[in-house]
1. Quick test for you: out of LEU245, LEU217, LEU257, LEU205, pick the one residue that is in the same structural domain as PRO365 (by TED's automatic domain parsing) and under 25 Å from SER108 (Cβ atoms).
2. Within the stretch 172-202, take every residue that is without any contact (Cβ under 8 Å) to a residue 40 or more places away in the chain and among the polar types (S, T, N, Q) and give me the one that is surrounded by the fewest Cβ atoms within 10 Å (Cβ to Cβ).
3. Condition (residue is closer than 27 Å to VAL237 by Cβ and either without any contact (Cβ under 8 Å) to a residue 40 or more places away in the chain or surrounded by fewer than 17 Cβ atoms within 10 Å (Cβ to Cβ) (or both)) applied to the stretch 347-355: is it met by at least one residue?
4. Could you grab me the full set of residues in the stretch 245-254 that are without any contact (Cβ under 8 Å) to a residue 40 or more places away in the chain and over 17 Å from the mean Cα position of the chain (by Cα)?
5. Determine which single condition ARG312 fails, assuming it passes every other condition in (1) under 28 Å from ARG125 (Cα atoms); (2) surrounded by 14 or more Cβ atoms within 10 Å (Cβ to Cβ); (3) at pLDDT 85 or above.
6. More than 26 Å from the chain's Cα centre (by Cα), surrounded by 15 or more Cβ atoms within 10 Å (Cβ to Cβ), under 30 Å from PHE18 (Cβ atoms) and of a type in the set (A, V, I, L, M) - does that describe any residue in the stretch 91-110?
7. Output the number of residues of the stretch 111-133 satisfying the condition of being surrounded by fewer than 18 Cβ atoms within 10 Å (Cβ to Cβ) and over 18 Å from LEU249 (Cα atoms).
8. Exactly one of (1) touching a helix residue (DSSP H, G or I) at 6+ places or on another chain (Cβ under 9 Å); (2) surrounded by 15 or more Cβ atoms within 10 Å (Cβ to Cβ); (3) part of a helix (DSSP H, G or I) is unmet by VAL281. Its number?
Amino acid sequence: MKEKTGGKSGFMPLLVYFVLFFAVTVSFLMFMPKSGQFQGNPPGRLISYPPDGSEKIAMAASAIMVVFIIVFQILFMKKMRNWQKIAATFLMVFCFFAYNEIALYVYSKDYHVPNKPHAVLIWTRDDVPLNSYGLDNPEFPQKKEPGEYRIIVAGDSSAAGQGIDKMGRFSNLMEKTLSEKYPGKKIRVINAAFPGYSIFQIKNLVRIKLRSLSPDLLIVAVNNDTEDSFAQDKNVVPPENIQPLMNVLYRSYLYLLFRKDVVNREFKTNLEKKKPPEIRVSPADRASAYNQIVSDIKETGGKVLIVAMPSRFPKIPRFERDKEYKEDLEKIAEKQGTYFIDFYHPWKQIDSEKYFIGGEDYIHPNAAGHTAISEGICSFIEKEKIIDGGK
């Protein structure tokens with residue numbers, strides 16, 4: 001009888017401990033503040049994810065876990081065998097990090113951003129519903145349907161349709177127009193554009209996702225390569241041999257919080273030291289990225305159309321480089337023997353202001369601008385007989 005009673009008396013404190021832990025956890029998760037919704041990127045190149053306030057949530061979660069770990073050690077660890085102590089220690093370490101991850105997830109769950117950190121692509125997004133391929137597009141089969149001609153548009157926020165309804169994006173308009181022009185084919189135009197993407201990121205996107213979708217035509221339309229940054233895109237991506245590990249770490253809110261603090265401190269330090277910014281993708285790396293994209297798509301039997309996207313910028317260093325950049329695209333296309341269409345120079349010769357969102361934004365086309373781009377690309381495709389098996 002004494003042994004039985006002793007067993008019960010040993011079990012009851014453990015039960016009370018876990019009930020109290022559960023009650024504190026539920027109360028903490030229910031009553032802690034939430035991050036709210038994404039309100040736009042901070043100035044410059046500061047990282048906005050995880051959201052502000054995450055540090056306080058992590059500190060509160062850590063404090064709760066430390067208290068319960070200390071109580072557990074005082075009440076129960078002394079009675080354990082050595083192997084049990086080792087197992088309990090590992091379990092407590094796991095619970096400490098898991099508790100923080102859960103708390104940060106609950107805090108951040110409504111904070112959806114267009115540039116969520118990613119180990120290889122630099123950013124992905126979760127501010128809009130994405131399909132199973134991680135694209136802002138309706139679901140589609142990986143394998144092409146009989147008679148399907150598949151076009152994929154890869155680009156930045158201009159191609160993604162920032163500031164307009166997604167049904168008005170030039171990719172969506174192209175699908176309708178080309179379906180009418182080629183009734184014997186099933187035309188599918190997939191929008192794989194991401195806000196903020198550079199050609200370096202698109203190169204990775206093509207290799208990781210897009211080439212497996214076997215596009216007949218890949219349209220590359222990007223404006224961000226000449227943007228100033230604290231580091232070139234290629235120097236932000238980890239070495240290839242540790243990318244599998246980094247892909248795991250980038251799923252951790254704690255790691256992303258640590259990374260945010262380190263990167264933003266470095267950025268502010270560079271500003272204080274007046275370190276000159278670098279362009280995100282150098283001319284040499286830009287040419288290399290396009291060469292890789294063309295090579296990858298040609299391997300799957302597809303073709304590439306490079307687009308010099310329109311823009312109307314004030315006279316500041318980044319945008320002064322734009323003219324040279326757009327001319328460079330034409331040389332790259334010529335060297336690769338691939339298609340090229342220029343909207344940049346022709347739109348500068350006309351009153352194209354009506355084609356942009358306006359205000360201080362002269363990079364993102366409005367609905368009329370997307371319509372004009374769609375018409376231009378569709379006419380080019382028809383003229384070059386690309387769908388009919390042109391050059």
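The values are calculated or read from the model by the stated rules, or taken from the named source; none is laboratory data. Just so it is clear, the model here is predicted, and its values are computed rather than measured. Every residue, glycine as well, gets a Cβ built from its backbone with ideal geometry; the counts of neighbours run over all protein chains shown.
1. Answer to the selection: LEU205.
2. Among those that are without any contact (Cβ under 8 Å) to a residue 40 or more places away in the chain and among the polar types (S, T, N, Q), it is SER179.
3. Looking through the stretch 347-355, none of the residues is closer than 27 Å to VAL237 by Cβ and either without any contact (Cβ under 8 Å) to a residue 40 or more places away in the chain or surrounded by fewer than 17 Cβ atoms within 10 Å (Cβ to Cβ) (or both).
4. The one that is without any contact (Cβ under 8 Å) to a residue 40 or more places away in the chain and over 17 Å from the mean Cα position of the chain (by Cα): LEU245.
5. Tallying (1) under 28 Å from ARG125 (Cα atoms); (2) surrounded by 14 or more Cβ atoms within 10 Å (Cβ to Cβ); (3) at pLDDT 85 or above, ARG312 fails exactly one: (3).
6. yes
7. 8
8. (3)
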